[in-house]
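Presented below is the structure to which this report refers.
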Amino acid sequence: MAYKYGDRSQITFLPDCVDNYVGADDPVRAYDTFIDALKPQSIGLQIDPNAVGPPPYDPIVMVKILVYSYSYGWRGSRKIERALHHNLSFIWLAGGLKPDFKTISKFRKDNKEVFKKTLKQCARICFTLGLIEGNTLFVDGSKFRANAGTNQTKNKQSWEKIRKGVEQQIDIILDECERIDNEETESLVKVKKELKSQTRLKAKIDTILKALNEEEKINGTDPDSKIMNSRQGSHAGYNGQIVVDEKNGLIVSMDITSDANDLNQMEKQITQAEEILAKPCQNACADAGYSSVDDLKLLVDKDRTVVVPTPKQVAKDGKENRFDKHAFSYDATSDTYTCPVGKQMYRSYEKKEKNLIVYRMTEPSACGLCQHFGECTKAKRGRTISRLKNEETKECLEQIYDSDQGQLIYAKRKMKAELPFGHLKRNLGAGQFLLRGFEGVKAEFAILGSSFNIARMLTLLGGVRPLREAFIAKGLIRS
């Protein structure tokens, strides 16, 4: 049987430039077109062609390299460096430039604001092209691992114990330095290097201790991260927040928080998205994790239609308690509740930290004598009803969710809001951040968002050529 054999010494007539190797419909050209449409000043890049000293790499090219590499899940600077030497798309995109991994890593670290602004400009370009409408916005959150080990999260007592051990080690090293000085037989270089390392560690622990209260815990590797629980267990991580537009599922804004839950995030995220689009939305939708009435009321007061169910509305068991709170009627005039058997319940006390008012019977024995005692309540002091100070808002939100319009909007939430997280974590393998600290994590999250939007833009517009034509038609780039 004959085989096909290669011949490395075969002479060929190759094209005279690398541009001829990259097809007109190659996706890399879409990333190139998008970054070219951004004005350097709009994303915080200061271009100075007259700067003295060795010329640095073109920052626009560096942005292109990082956004494009993230779109294929290549986030490590060494992987990107290899691609710039061996991958034709990267060679074309960089114009033959080959920054090493240290340069790539340093640029990403030093230009965090650039990448955050790039995502904002990406959303604005999508809005200009009509791919984002901004009428209905979906908010969702997901846990991402931090670049830090769980065992590095310790309380104040543990860090003080470590600090004490470091101080003892420093004393031992200083004694060793004195001994070597007296004997003058060994080099102090190695000992002084260890002393410098221990002193630096002590300074780091001192900084951590200053930020700690008695009951708090802090991670020594990434102090901004928090221990969070997820399906994969407990780990040091961040809570990633995204706002997605209804029309095509494109990301409008992204944010990072160290809060383990999504409460009190809705108004903040919607406001940020509206500022980016310079347009107020009509509808704002999220899951029950965002069901904080005080927070949602801020949006209601701005005349936004808020579609967020309470945890009870989305409970899977479907069991109904005939002595549920809804069975008790409230009279605003007398500020009292009436129970199903006609007994009145009066204001008892307030839970200020939860913004609640608690109502109960004047005579606790009334419940004990009731025929429904045991089913309605088993408490010796009788049944209590808790009412939010913003109870009217809560009831209004429940009605909106149960309405036909509310159900139509909420039915789209999972498909629109959860898809980006699935793509980032599963397809791109970005379930853990590489950078540390709030600003670094936000920058990396923004790069992921930009790469997602550009890939979606390419699909929605039908390819590279239609995308380029759309950019030219809107005056975003020159023909």
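Since every read-out is calculated from the coordinates, none of them should be taken as a lab result. Source: prediction; values computed, not measured. Reconstructed Cβ throughout: ideal geometry from the backbone, glycine too, with neighbour counts over all protein chains shown.
Cβ-Cβ distance of R465 and Q41, R₀ of 41 Å, FRET efficiency by 1/(1 + (r/R0)^6): the value works out to about 0.90. Just need the relative contact order of the range 312-423 here, percent rounded to a whole number, with Cα pairs under 8 Å and 6+ apart. Across the range 312-423, relative contact order equals 15 percent. Of the trypsin sites (Lys or Arg not before Pro) found in the range 328-411, those in coil by DSSP whose Cβ has at most 12 other Cβ atoms within 10 Å are K378, K380. At full extension, K268 and R322 could sit 15.7 nm farther apart than now, given 0.36 nm per residue minus the alpha carbon distance. Distance from the Cα centroid of the range 1-74 to that of the range 240-298 is 35 Å (rounded to whole angstrom). When each of I11, I80, I125 is scored by the number of other beta-carbon atoms lying within 10 Å, the sequence from fewest to most is I11, I125, I80. Taking 13 Å as the cut-off, the amide N atoms of the range 255-282 that come nearer than this to a point 7 Å along the Cα-to-beta-carbon line of K302 belong to 265-282. Once the Cα-Cα distance is subtracted from the 0.36 nm per residue extended length, the D58 to Q10 segment shows a gain of 13.6 nm.
Distance between the modelled labels on R426 and D110, one decimal in nanometres: 4.0 nm (7 Å Cα→Cβ projection).
Considering only alpha-carbon pairs that sit under 8 angstrom and 6 or more positions apart, the relative contact order computed for the range 325-390 is 24 percent. Here the label points at N135 and E391, each 7 Å from Cα along the C-beta direction, are separated by 3.7 nm in the simple model. Grab the beta carbon distance between T128 and V314, set R0 = 45 Å, and tell me the FRET efficiency rounded to 0.05. In this case the efficiency is close to 0.80. If you plug the beta carbon distance of T336 and F101 into 1/(1 + (r/R0)^6) with R0 = 51 Å, you get a FRET efficiency near 0.15. When the GluC sites (Glu not before Pro) in the range 372-475 are filtered for DSSP coil states and for at most 12 other beta-carbon atoms within 10 Å of their beta-carbon, the remaining sites are E375. Pairs exceeding a 25 Å alpha-carbon distance, out of K143/K302; K217/K416; K247/K474; K414/K442: K143/K302; K217/K416.
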